[in-house]
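The values are calculated or read from the model by the stated rules, or taken from the named source; none is laboratory data. Note that the structure is a prediction, hence the values are computed from the model and not measured. Counting neighbours? That spans all protein chains shown, and the Cβs are built from the backbone with ideal geometry, glycine included. SASA here: full protein model, heavy atoms, side chains in, ligands and nucleic acids out. Shrake-Rupley method; radii C 1.70, N 1.55, O 1.52, S 1.80 Å.
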Amino acid sequence: MGTTDEKRLPPLLGMNLEELTKIVLSGGMPSFVGRQLSDWLYHKKVSSFDRMNNISIKNREWLEANYVIGREKPLQEFKSADGTRKYLFNGVKGRKIESVLIPEHDRATLCVSSQAGCRMNCYFCATGRAGYSGNLSAANILNQILEISSRLTRESEDDLTNIVFMGMGEPLDNFHEVRKVIEILTAKWGLAWSPKRITVSTVGKLPQLKDLLDTTKVHLAVSLHTPVTTLREQIMPAQKAFPISSVIRLLRSYDFSHQRRLSFEYIMWKGINDDIEHAKLLVSLIKGLDCRVNLIRYHKIEGVDLIPASEERMIMFRNFLNSNGIISTIRASRGEDIMAACGMLAGKVC
């Protein structure tokens, strides 16, 4: 699961119950050992075969000879003055990946990476500008979650309450592995989380967006940033392949008035998308959808000439949306001093 080219045993982490059952059957074990394995991996969160004391020594030895657990500790941890923490992990092809933990009152939200880099190449995002190295496996993704969760437990802090696929990468560009992680997070034999604790953030990649909505009940956050098609094409090349009009059309065919929440992410830039005309166009675009809009202050990155919108403009924009029946909030900026804020993750040491 690390970055070396040497042949390594496959990890059990990231496998679902069906896959674990097939493995134990291939090793001559009874099928119920598959459920025991899932219990040790996901309920008890062990990182060693020695801990699996209800599996016979013979079977543990067979498993250890053919597989690894798949847990790897973070390479480094960075702490922000505001309490945010960023963790650096091995990714793929020598590329490092990052996870960001945001503690907040009675919540602890973890932003996890799904790719090493990103292929969407958004102009304003450090991850996309740094290029793409590859998809993370379900094991890579779950390792971020379990390792950080275990560190919180050891430090006598509250465990994770929420997972957001909003770290490095476009989750729907690695949909097979992300969907498997969601299955493991929410299944009774897995971590048994409510899907309401999970949010997937996307530029609106189709048709994977429809698959996500049809096969899971997780929350959805769509990176919108401007209602103007020509501008969105300039700053978000994915607009050409996945027009926001097509994304909105799809979203209108789903019900977001109950358990599932829909939100739109809107980074604000001075003189680019922060005036009242953009606010009016945004209202026209999403009016009638049961949704909210998160206004995000832009965090400057190297080589990009965009300037953050003023606080006054953001408040004006928020108030206009709210007055037109669209719930809107200004998201608090977290972790900027350790390059952990929105759009700043690049897999580099601070």
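Quick notes on this one:
- At R0 = 30 Å, FRET efficiency that the Cβ-Cβ distance of Glu312 and Lys287 yields, to 0.05: 0.75
- Max mean-square fluctuation residue, GNM over the chain, Cα-Cα springs under 10 Å, options Ala108, Ala139, Ala116: Ala108
- Dipole magnitude of region 34-76, debye to nearest 20 (Cβ charges: Lys/Arg +1, Asp/Glu -1, about Cα centre): 140
- Qualifying chymotrypsin sites (Phe, Trp or Tyr not before Pro) for region 97-191 [loop in DSSP, other Cβ within 10 Å: at most 16]: Tyr123
- Diagonalising the gyration tensor over the Cα atoms of region 15-135 and scaling each eigenvalue by 5 before taking the square root yields semi-axes of 35, 19, 13 Å, largest first.
- Relative contact order of the chain, taken over Cα pairs closer than 8 Å and 6 or more residues apart, is 16 percent.
- Across region 159-170, rounded Karplus estimates of 3J(HN,Hα) from the backbone phi angles (6.51 cos²θ - 1.76 cosθ + 1.60, θ = phi - 60°) give 6, 4, 10, 9, 10, 10, 7, 9, x, 6, x, 9 Hz, Gly and Pro being marked x.
- Among the trypsin sites (Lys or Arg not before Pro) in region 169-213, those located in a DSSP loop and surrounded by at most 11 other Cβ atoms within 10 Å of their own Cβ are Lys188.
- Cross-link pairs beyond the 23 Å C-alpha cut-off, checked among Lys22/Lys210; Lys205/Lys287; Lys44/Lys210: Lys22/Lys210; Lys44/Lys210
- The region of the chain that goes longest without hitting one of the GluC sites (Glu not before Pro) in a DSSP loop, each with at most 13 other Cβ atoms within 10 Å, is 7-154.
- Solvent-accessible surface of region 183-249, taken per residue with a 1.4 Å probe and all protein chains present: 39 Å².
- Annotation: aspartates and glutamates with alpha-carbon distance below 14 angstrom to Lys180 (same-chain offsets under eight excluded): Glu18, Glu19, Asp211.
- Exceeding the 18 Å Cα-Cα cut-off - candidates Lys270/Lys300; Lys45/Lys73; Lys93/Lys240; Lys79/Lys270; Lys240/Lys300: Lys93/Lys240; Lys79/Lys270; Lys240/Lys300
- Eigenvalues of the alpha-carbon gyration tensor of the chain, scaled by 5 and square-rooted, set the equivalent ellipsoid semi-axes at 38, 21, 18 angstrom, largest first.
- For region 161-237, with +1 on Lys and Arg beta carbons and -1 on Asp and Glu, the positive-most of Thr229, Val181, Ser194 along the dipole: Ser194
- Only Lys, Arg (+1) and Asp, Glu (-1) charged, at Cβ; the chain dipole about Cα centre in debye: 440
- Between the alpha-carbon centres of region 1-80 and region 239-313 there is a gap of 41 Å.
- Applying a DSSP loop filter and a limit of 11 other Cβ atoms within 10 Å to the trypsin sites (Lys or Arg not before Pro) in region 17-117 leaves Lys44, Lys93.
- By the compact-protein rule of thumb, 2.2 N^0.38 Å, the alpha-carbon radius of gyration of region 226-305 corresponds to a ratio of 1.18.
- Charged side chains reduced to their Cβ positions (Lys and Arg at +1, Asp and Glu at -1) give region 1-120 a dipole of some 140 debye around its Cα centre.
- Summarising the strand pairing of the chain, around 45 percent of its internal DSSP beta bridges are antiparallel.
- The aspartates and glutamates whose alpha-carbon is closer than 20 Å to the alpha-carbon of Lys96, local same-chain residues fewer than 8 away aside, are Asp5, Glu6, Glu72, Glu77, Glu147, Glu170, Asp173, Glu177, Glu302, Glu336, Asp337.
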